[in-house]
Structures are given as C-alpha cells and as structure tokens.
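Since every read-out is calculated from the coordinates, none of them should be taken as a lab result. Predicted model only: the values in this text are computed from it and were never measured.
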Amino acid sequence: MASQSPASLQRLRKYSGLGFATGGIMAMLLTAASESAYSGFSVRYDAISRLGQAGSPTGFFWNAQLLIVGILWLADSYLLFR
C-alpha cells in the first residue's frame, strides 16, 4: 500500500471531523423530532429507547436515524484512522 501525502491525510481528517459533527447534529435533531412526534412521550419519565419500540409511532423513524448515524460514524472512524 502506497503512503499518502500529508495533505491528503489532513483532508481525510477534516472530512472525518465534518462527518462526526454532522452525525451528532443529526442525532440531536432527529431525537428531538421523534420526541415531539410521539404523543404522550415524556423526556422526564420515559426511556429514550421507547421511541424505537415496536409498534410505537416513531419506531421506524427512530431506528432508521440510529442506523444512518451509526453508518456515518463508522465511515468517519475509518477515514480518521486510515
């Protein structure tokens, strides 16, 4: 495997950081959206895992966002430690 130039490694790290930040922002915004869409959900009394519970109104949305953010962070980890 040929070594990469320092400039290209720096660019990969920059994209990785941008991806981590994007994933974090997506996770916070989509969690808030799921909480507001689930009628009767209380941040104080209900576990956050209830948003992805089978049969809940936000189950598909919640689980899809977890999958997308997880894949994004795995890809960013690969770019960071490449």
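Odds and ends about this structure:
- Across the range 1-55, Cα-Cα pairs farther apart than 18 Å form 55% of the total.
- Overall Cα dimensions of the range 26-82 - principal axes, largest extent first, Å: 45, 21, 15
- Principal-axis tilt of helix 59-80 within the chain, Cα atoms, nearest 10 degrees: 20
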